[in-house]
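Please read the structure below before turning to the comments.
Any read-out appearing in this document is the output of simple, stated calculations on the displayed coordinates, not a laboratory observation. What you are looking at is a predicted structure, and each value in this text was computed from that prediction instead of being measured. So basically every Cβ, Gly included, is an ideal-geometry build from the backbone, and we count neighbours across all protein chains shown.
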Amino acid sequence: MAANIAYLAPNGDLLESFQNAASDGADIKWVDSTQSVEQQAEDLKEVAAVIVSPSVYSVELARLTPSVRLVQTTSAGTDMIDKQTLGELGIRVANNGGGNAVSVAEHTITLLVSVFRKMQLQFNAVKAGEWAGDIRGDWFSQAHEIAGKTVGIIGLGRIGSRVARRLQGWECEIVYYDEVPIDAEVEAELNATRMPMDELLQTADIITLHVPLNGSTTKLISDREFDLMKPSAVLINACRGPVVDEAALLRAIQEKKIMAAGLDVLEEEPTPTDNPLFGFDNVLITPHLASFTQESGERSREFAMYNTARVARGEDPESIVLPD
């Protein structure tokens, strides 16, 4: 039987994992994405759904693969795929259905705590054999508890809601902004209060971003937004780098418009080694690995196989991402 699902990637290392997650009637094969577009198209003949890693599927390839009805990512983000044009060609795009939500939520809280307690300075001092070194001075005045703080979540979707849920025992107030109104029952469960974005920026001690990257969220946080924040505010970004205007963030740190930032994502990745944000002790940066856990990978692969198998059986897929 010809494979009805393809895994399009530079190598087939994860093919066995996808095969192990396949349901009855689903057959998956690896297609090498380093081949020419023409060869990829040839290998994708009669394939109904394609799992892509990384999360790209060119319009050129889409035009050559009329049998494909779904492009499935194992990531939450689909910003590198032209969903509008693919849709016009009859191809829908789905993300990982929240497979990475727990991991990113946990990483978000890790960033939050680490920034508030200056953990990188503590780690570095001990590792250098300096014990506490000289970090008790200015650092001590900048170390804070989370209890009693107001956490503002921008985007209360799969990840943002899990951040809120995990903060329930931290004795902090949860406020949020989302373009899509959240059910009152969910608000009550999360003990979260919706407010306009500007009010959230003015109110929150901690602002954490959990929105997809699209036309309306690119540079969502820029000079105007930093001007609204408290000088004691902390910004956390574990969604996509371009959601924050990096030049504006640098100005906000330099001019002490905000107290600190914790970032898992940047506008350019890998970021240049001379990125000026590296020069600040109150900016903690991790290399876009918030979702990288064994459990997250397993859930995302399982969902990818589940969703592509639906399409192979002629059913509608879930977790479709619409064009901007």
(message) Multiplying the sequence separation of Asp316 and Glu179 by 0.36 nm and subtracting their Cα-Cα distance, what value in nm do you get?
(response) 46.7 nm
(message) Can you give me the distance in nm between label points at Met80 and Gln120, each placed 7 Å from the Cα along the Cα-to-Cβ direction?
(response) 2.4 nm
(message) Once you keep just the Cα pairs under 8 angstrom separated by 6 or more residues, what percentage relative contact order results for segment 1-116?
(response) 21 percent
(request) Return the whole-Å distance between the Cα centroid of segment 9-49 and the Cα centroid of segment 227-261. (result) 41 Å
(request) Sticking to Cα atoms, compute the Rg of segment 1-108 to one decimal and its Dmax as the biggest Cα-Cα distance, whole number, in Å. (result) 13.8, 44
(message) Between 0 and 90 degrees, rounded to the nearest ten: what's the tilt of helix 101-116 against the longest Cα principal axis of the chain?
(response) 20 degrees
(message) Cut-off 15 Å, label point 7 angstrom out along Cα-to-Cβ of Arg251: give me the residues of segment 258-282 whose amide nitrogen falls inside.
(response) 258
(request) Express the relative contact order of the chain as a whole percentage, based on alpha carbon pairs under 8 Å and six or more residues apart in sequence. (result) 20 percent
(request) Answer with one residue from Thr108, Gly157, Pro196: the one whose Cα lies farthest towards the positive end of the charge dipole of segment 72-208, charges on Cβ with Lys, Arg +1 and Asp, Glu -1. (result) Thr108
(request) Subtracting the Cα-Cα distance from 0.36 nm times the residue separation, let me have the gained length for Glu16 to Arg194 in nm, one decimal. (result) 59.7 nm
(request) With springs connecting C-alpha atoms under 10 Å apart, model the chain as a Gaussian network and identify which of Thr193, Thr271, Thr74 has the largest mean-square fluctuation. (result) Thr271
(message) Under 30 Å between alpha carbons: how many lysine pairs meet that in the chain, if sequence neighbours fewer than 8 apart on the same chain are excluded?
(response) 20
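Rounding to the nearest 20 debye, state how big the charge dipole of segment 1-110 is about its Cα centre with +1 on each Lys and Arg Cβ and -1 on each Asp and Glu Cβ.
My answer is approximately 280 debye.
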(message) Please check: in the Gaussian network model of the chain (C-alpha springs, under 10 Å), which one of Val104, Val311, Val180 has the largest mean-square fluctuation.
(response) Val180
(request) Please report, in Å, the Rg and the Dmax of segment 176-255, where both are computed over Cα atoms only. (result) 13.2, 42
(request) Determine the relative contact order of segment 138-219: mean sequence separation of Cα pairs under 8 Å and six or more apart, normalised by residue count, in whole percent. (result) 39 percent
(request) Using all C-alpha to C-alpha distances in segment 90-162, build P(r) with 5 Å bins and read off the rounded percent in each one. (result) 3, 13, 17, 16, 14, 11, 10, 7, 4, 2, 2, 1, 0
(message) Under the 0.36 nm per residue contour assumption, what length would be gained going from the current alpha-carbon distance of Trp131 and Asp32 to full extension?
(response) 30.6 nm
(message) I want to verify a result. In a Gaussian network model of the chain, Cα cutoff 10 Å, which of these has the top mean-square fluctuation: Glu187, Glu199, Glu145?
(response) Glu145
(message) Output needed: percent of Cα pairs per 10 Å distance bin for segment 243-317, bins running from 0 to the one holding the longest distance.
(response) 15, 33, 19, 18, 12, 2
(request) Considering the convex hull of the alpha carbon atoms of the chain, report its projected area averaged over all viewing directions, in nm², one decimal. (result) 18.4 nm²
(message) With angles folded into 0 to 90 degrees, how steeply does helix 294-312 sit against the dominant principal axis of the chain? Use alpha carbons for both and round to 10.
(response) 30 degrees
